[in-house]
1. Just in the range 61-91: which GluC sites (Glu not before Pro) are loop by DSSP and have at most 15 other Cβ atoms within 10 Å?
2. Just subtract the alpha-carbon distance of Glu224 and Glu198 from 0.36 nm times their residue separation and send over the number in nm, one decimal.
3. For the range 268-295 and the range 232-263, write down the distance between their C-alpha centroids in whole Å.
4. About the Cα centre of the range 376-476, what is the dipole size in debye to 20, counting +1 per Lys and Arg Cβ and -1 per Asp and Glu Cβ, all else neutral?
5. Taking the DSSP beta bridges in the chain as the whole, what percent of them are antiparallel, to the nearest 5?
6. Output the 0 to 90 degree angle, nearest 10, between the alpha-carbon long axis of helix 164-177 and the longest principal axis computed from the alpha carbons of the chain.
7. Could you tell me which residue out of Ile427, Tyr311, Ala334 lies farthest along the dipole of the range 298-455 toward its positive end? Charges go on the beta carbon: Lys and Arg +1, Asp and Glu -1, centred on the Cα centre.
8. Counting only heavy atoms of protein chains, what accessible area per residue, in Å², does the chain have with a probe of 1.4 Å?
Amino acid sequence: MKKQVYNPYLPSWEYVPDGEPHIFNNRVYVYGSHDRFNGNTYCMEPYVCWSAPVKDLTNWTYHGIIYTGKEDPLNETKKRLMFAPDVVEKNGIYYLFYGLDTSDTISVAKSEKPEGPFTFYGHVHHKDGQILGKKEGDRQQFDPGVFKDDDGQVYLYSGFSSTPKVIERIKKKIQKQGLHIDIDTLMSTSGNLVMKLEDDMLTLKSEPISLLPGVSNSKGTGFEGHEFFEASSMRKFNGMYYAIYSSVNGHELCYAMSKYPDRDFEYKGVLHSNGNIGIKDYPTYYYANNHGSAIEIDGTYYVFGHRHTNYSQYQRQGVAEKLVMNEDGTFNQAEMTSCGLNKGPLQSNQEYPSYIACVLMAKNGACKEDVSIDRDNHPAITQNEQKESYITNIQDGTVIGYKYFDYKNVQTISVVVQSSSNCQFEIYVGKEKVGIIDIQACDSFMNYSTLVSISNQVNDLCFVCRGNSVVDFKSFSIK
């Protein structure tokens with residue numbers, strides 16, 4: 001049986017969001033934050049690294065913990081969290097750029113190998129030695145992205161910007177307190193920054209300048225409605241530079257293009273939405289913040305982002321999808337699928353885990369994922385004590401979808417579930433209802449199946465729950 005890769009592309013128990021993919025030595029390395037299952041905030045675990053051969057994206061290797069951050073002098077308690085990192089190679093040394101929680105600075109660790117382990121190296125600083133972010137007049141540093149151009153020059157990108165809701169809240173506070181502050185001036189530095197680094201990878205060769213606009217300074221720029229929020233990342237394809245970032249909408253990774261790495265970027269569109277918003281006019285999955293980048297692997301373009309699980313924004317998992325590049329260098333928005341890195345649809349005639357669902361929504365639809373979400377009325381992807389992932393709290397009208405499968409004369413579809421009472425799973429392929437699975441009340445996982453007739457085709461698979469029941473869903477088979 002041919003080995004395949006799903007979304008999420010790492011094991012179901014792994015939570016590596018904010019993925020920055022890079023190719024070193026013919027392997028794809030993914031560097032990101034590290035969430036904890038059932039964690040109560042972002043990035044509670046130390047950095048780890050996973051990699052796969054560029055010729056075989058089904059074969060991911062775990063390299064273990066690559067950096068803890070305890071050596072960083074700014075990490076006084078040795079317990080501070082580390083947010084989204086990025087890595088670049090320079091003269092055979094690999095440099096990991098990161099920020100500590102609530103910090104305005106950028107720290108750097110280094111290693112002789114892309115998989116680490118990394119050791120603390122220093123802090124990005126001005127030419128006079130003052131740490132970037134600590135000097136009077138410095139703007140907040142956040143989510144560093146690092147990029148080496150073809151001539152060897154390394155660029156550092158950083159920044160955090162306000163959302164429309166935050167700006168409106170500031171305006172109301174100013175008005176309420178009767179302060180005479182020009183809000184437009186206050187927010188004029190909104191957006192992200194770009195700066196050049198010296199060969200030591202710590203000293204600024206050029207002072208930070210604004211690159212992409214935020215909400216307060218986007219008027220007339222073409223970025224309106226998709227302004228920069230966080231998650232700076234730079235890529236270069238076919239001589240053009242692509243600035244990739246998380247917009248003020250949170251769920252979407254957007255991009256802008258330029259002929260230069262440090263100026264003249266034009267907004268071009270959305271690469272990925274973890275609610276599938278833009279592909280559909282409404283969310284088909286529970287969405288929240290997004291962070292990632294684009295990469296070309298063995299001749300195919302992909303966007304790496306993350307999805308949300310377990311009724312929380314704090315347990316994020318890496319996902320990836322194929323990108324289609326147009327003749328002018330722009331990309332179409334990628335659809336959320338179950339098989340993004342698989343280079344094609346998934347096979348029939350085998351069993352699949354339920355957690356690879358790319359569509360998940362309650363009877364009344366999906367919504368923004370939040371720690372205060374109404375858990376009683378929504379499904380979620382979660383895991384048990386054995387770190388086995390499954391979908392929980394499926395109720396009447398819950399929709400669970402998978403894209404895509406290469407059906408080969410399929411005659412049976414079965415599900416492994418446990419249910420509080422009798423119910424049914426309606427089965428849809430495309431818009432056609434192809435069968436119904438009758439499910440009996442059971443307090444442990446049981447297998448239920450039905451006969452179907454699905455001719456040769458590539459299409460999706462969708463289950464819709466019917467009945468007054470609460471169901472946990474472990475896996476399904478197509479045969």
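1. Passing sites in the range 61-91 are Glu71, Glu76.
2. The span from Glu224 to Glu198 would gain 6.0 nm if fully extended.
3. For the range 268-295 versus the range 232-263, the Cα centre distance is 15 Å.
4. With Lys and Arg at +1 and Asp and Glu at -1, about 300 debye.
5. Of those bridges, close to 95 percent are antiparallel.
6. Tilt relative to the chain: about 60 degrees.
7. Comparing the listed Cα positions along the dipole, Ala334 ranks first.
8. I get 42 Å² per residue for the chain.
The values are calculated or read from the model by the stated rules, or taken from the named source; none is laboratory data. For clarity, every value in this text was computed on a predicted model and none was experimentally measured. Note: ideal-geometry Cβ built from the backbone for every residue, glycine included; neighbour counts use all protein chains shown. The accessibility values were calculated without ligands, DNA or RNA, using every heavy atom of the protein model including side chains. Shrake-Rupley method; radii C 1.70, N 1.55, O 1.52, S 1.80 Å.
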